[in-house]
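Everything below concerns the one structure shown next.
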Amino acid sequence: MKKILFIAAILSTFHFPLSILHAQQPDAVFKLLRYEWTLNADGTSDYHYRHEVQILRNRALVAYADKGETFVVYNPDLEELTVNEVYTLRADGSRVDMPQNAFIYQLPSECADCGRFNHLRELAMVHTGMELGCTIVVDYTIHRQYNLLNETLPLQRECPVEKMEVVVQCPQDMEWHNQFNWGSSTAAIGTNAQTAEAANGAVRTTFTFTNCPQAPREPYMPADIIPYFRLYNGTPNHTPTFNQEPFAAAKDAMGQTMTSGKPMEDIAAARDFVIGNIHLNDIHPSHLGYRHSTPAEVWATGCGTAIDKAVLLAAILNAQGYQARVTGDNMDAVGVMIDTLEYRLDVRHRIAPELIGEAKDEVSKADINETLDATLDSLEDGFFRLVLAPIPQAQQPLASTLSMVRTTPLATSACDIRSNYTYLLPKDVKLVGGAISHKLSNAVGNLEISIKQSGKKIKVIRNLTIDKSVIAVDQYADYRSLIALWQSVDSLLLRKK
């Protein structure tokens with residue numbers, strides 16, 4: 001114990017900036033990331049990938065094993081994989097080439113539960129000669145029987161990237177596009193673009209990104225916090241086909257779930273049915289030539305990609321009389337009209353339908369005034385616990401998941417909650433500790449909690465106002481204080497008089 005106190009006393013004499021104490025030490029660093037697409041005039045294309053990653057900590061190999069192995073998924077029906085070179089450059093400069101028994105061909109785990117996709121293959125490369133300070137080099141090419149291009153590349157990864165090259169080579173008369181989305185990111189990433197003529201008369205465009213910092217790992221981040229770079233050469237054929245067999249069966253099945261008579265609840269029920277009953281094959285659309293399956297195929301086989309599930313859900317909703325369409329940057333969501341508003345349904349997660357075009361600071365409101373019979377949980381020695389009723393529209397992150405310091409904005413829900421509950425108690429029961437009263441106002445919002453007993457009644461007032469749905473870093477401490485106090489009162493302790 002004396003040793004611990006002595007160490008604590010020594011550390012207390014040093015003043016470390018919080019930014020240093022909470023800095024994310026990288027496990028590895030990409031010395032080079034290269035993505036190269038060659039679009040050929042004959043309708044084929046070649047995708048060339050290379051990475052050179054240096055190992056800095058054992059965690060890169062042990063904790064997650066994300067650098068100790070490389071996995072490449074491909075479709076033998078449409079794609080031909082060629083491994084150009086895979087080796088480890090050890091810290092002393094010696095090279096260890098990967099032996100043949102370290103290349104393992106297997107079925108991708110995403111395809112294990114779907115017969116339609118069990119022809120896909122995954123090459124697992126188990127790297128050898130690894131040690132701290134070594135550099136792992138992976139280089140391969142995939143030749144494809146199509147020349148569609150629709151890729152989104154995040155510009156921040158799980159570890160820093162010193163240099164990222166994105167190359168597109170195509171005939172002069174072939175049109176393609178690129179798009180940057182920096183969102184709310186404050187990352188200082190160097191960018192450069194150069195266009196040159198290739199030996200065969202094609203046009204070669206190279207985008208170079210330098211010093212890409214490690215992506216933040218904090219929870220509840222805004223969706224646009226990671227910048228990305230998108231490349232595409234047209235819109236792949238994602239137009240959904242509706243009213244196909246066996247939609248009589250699908251309509252009957254959905255009729256058993258969409259029975260509330262309330263449109264918002266019914267469309268959420270349809271979404272939940274698709275999520276729960278259609279297995280998700282989360283494979284990249286490029287391995288299927290950017291083609292989706294028909295709703296009939298998805299329904300009959302019970303599996304599909306995120307795009308397939310969106311197409312099926314849109315078809316089901318249209319069959320039920322709604323106006324629905326496939327939407328989203330990756331065509332993996334559904335927009336459905338209710339009255340004059342369009343709501344977005346996520347086919348991956350059971351989250352509330354989101355109003356498309358909704359202002360970021362749209363406020364969730366609740367005004368509750370109810371009287372309830374108190375349901376008491378019996379504890380020991382004559383004590384009881386009263387769990388307070390949950391308040392609709394008051395969803396916020398759990399205070400226990402919020403770190404002391406944050407480096408990125410926090411995404412939450414703006415709200416204006418007014419709740420007044422009266423609980424009717426059994427006789428001879430009283431509130432332990434007497435009345436409770438909390439008030440707090442700061443730059444983020446304000447809170448009021450008041451709990452009083454009067455005879456056989458307990459009156460519980462809980463009011464919460466949060467002005468913004470995105471909390472800036474300099475306001476995070478105020479938000480955390482507000483939420484911690486708000487969530488500290490969710491049950492009451494009572495005992496017999």
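Note on region 463-479: residues that are surrounded by fewer than 18 Cβ atoms within 10 Å (Cβ to Cβ) and either among the basic types (Lys, Arg) or on the phi > 0 side of the Ramachandran plot (or both) amount to 0. Among the residues of region 75-103, those that are free of Cβ contacts under 8 Å to residues at least 40 places away in the same chain and touching a Leu at 6+ places or on another chain (Cβ under 7 Å) comprise Arg95, Phe103. Is there a residue being closer than 19 Å to Phe273 by Cα and either free of Cβ contacts under 8 Å to residues at least 40 places away in the same chain or among the basic types (Lys, Arg) (or both) anywhere in region 364-374? Within region 364-374, not a single residue is closer than 19 Å to Phe273 by Cα and either free of Cβ contacts under 8 Å to residues at least 40 places away in the same chain or among the basic types (Lys, Arg) (or both). Highlighted here are the strands (runs of 3 or more DSSP E) found entirely within region 27-82 that include at least 3 residues which are among the hydroxyl-bearing types (Ser, Thr, Tyr): 45-55.
For every residue, the table says whether it meets (1) in a loop (DSSP other than H, G, I, E, B); (2) surrounded by 12 or more Cβ atoms within 10 Å (Cβ to Cβ); (3) among the polar types (S, T, N, Q).
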residue	(1), (2), (3)
Ile368	no, yes, no
Leu372	no, yes, no
Glu380	yes, no, no
Leu386	no, yes, no
Ile391	yes, yes, no
Ala394	yes, yes, no
Ser400	no, no, yes
Met404	yes, no, no
Thr408	yes, yes, yes
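Of the residues examined, His127 is one that is at pLDDT 90 or above, outside the structural domain of Thr294 (by TED's automatic domain parsing) and buried (at least 19 other Cβ atoms within 10 Å of the Cβ). Exactly one residue out of Leu482, Leu494 is within 30 Å of Ser378 (Cβ to Cβ), surrounded by 15 or more Cβ atoms within 10 Å (Cβ to Cβ) and not small (Gly, Ala, Ser), and it is Leu494. If you check Asp224, Asp252, Asp282, Asp272 for being acidic (Asp, Glu) and at pLDDT 90 or above, only one passes: Asp272. Cβ-Cβ distances below 9 Å connect the following pairs, each with a first residue in region 480-497 that is in the same structural domain as Asp467 (by TED's automatic domain parsing), a second residue that is surrounded by 14 or more Cβ atoms within 10 Å (Cβ to Cβ) and assigned to a helix (DSSP H, G or I), and a separation of six or more residues or different chains: Arg480/Ala399; Ile483/Ala399; Ala484/Ala399; Leu485/Ala399; Trp486/Ala399; Gln487/Ala399; Ser488/Ala399. Where strands (runs of 3 or more DSSP E) sit wholly within region 174-217, those with at least 3 residues that are farther than 15 Å from Leu155 by Cβ occupy 190-197, 203-212.
Within region 31-82, the set of residues being β-branched (Val, Ile, Thr) and more than 24 Å from Gln100 (Cα to Cα) comprises Thr38, Thr44.
Any idea which residue in region 341-383 is nearest to Ala269 (Cα to Cα), counting only those that are hydroxyl-bearing (Ser, Thr, Tyr) and modelled with pLDDT of 85 or more? If we take residues in region 341-383 being hydroxyl-bearing (Ser, Thr, Tyr) and modelled with pLDDT of 85 or more, then Tyr343 is nearest to Ala269 (Cα to Cα).
Selection of first residues in region 333-355 that are assigned by TED's automatic domain parsing to the domain that holds Lys309 and of second residues that are at pLDDT below 85 and in a strand (DSSP E or B), restricted to Cβ pairs under 7 Å at least 6 apart or on distinct chains, gives the following pairs, ordered by first then second residue: Leu341/Leu355; Tyr343/Glu354; Tyr343/Leu355; Arg344/Glu354.
Of the residues that make up region 417-440, is at least one out of contact with any Leu (no Cβ under 8 Å at 6 or more places or on another chain), at positive phi and either in a helix (DSSP H, G or I) or not small (Gly, Ala, Ser) (or both)? Yes - at least one qualifying residue is present in region 417-440.
Among the residues of region 151-172, are any under 20 Å from Asn75 (Cβ atoms) and not polar (S, T, N, Q)? Yes; the residues of region 151-172 include at least one that is under 20 Å from Asn75 (Cβ atoms) and not polar (S, T, N, Q). Against the numbered list (1) surrounded by 20 or more Cβ atoms within 10 Å (Cβ to Cβ); (2) aliphatic (A, V, I, L, M); (3) within 25 Å of His284 (Cα to Cα), Ile351 comes up short only at (1). Does region 67-83 contain at least one residue that is more than 28 Å from Asn281 (Cα to Cα), among the hydroxyl-bearing types (Ser, Thr, Tyr) and surrounded by fewer than 14 Cβ atoms within 10 Å (Cβ to Cβ)? No, that holds for no residue.
Consider region 284-321 and keep the residues that are of a type in the set (A, V, I, L, M) and touching a Phe, Trp or Tyr at 6+ places or on another chain (Cβ under 7 Å). The one that is nearest to Cys111 (Cα to Cα) is Leu312.
The values are calculated or read from the model by the stated rules, or taken from the named source; none is laboratory data. If you're wondering where the values come from, they're calculated on a predicted model, not measured in any experiment. No Cβ is skipped: glycine too gets one built from the backbone with ideal geometry, and neighbour counts run over all protein chains shown.
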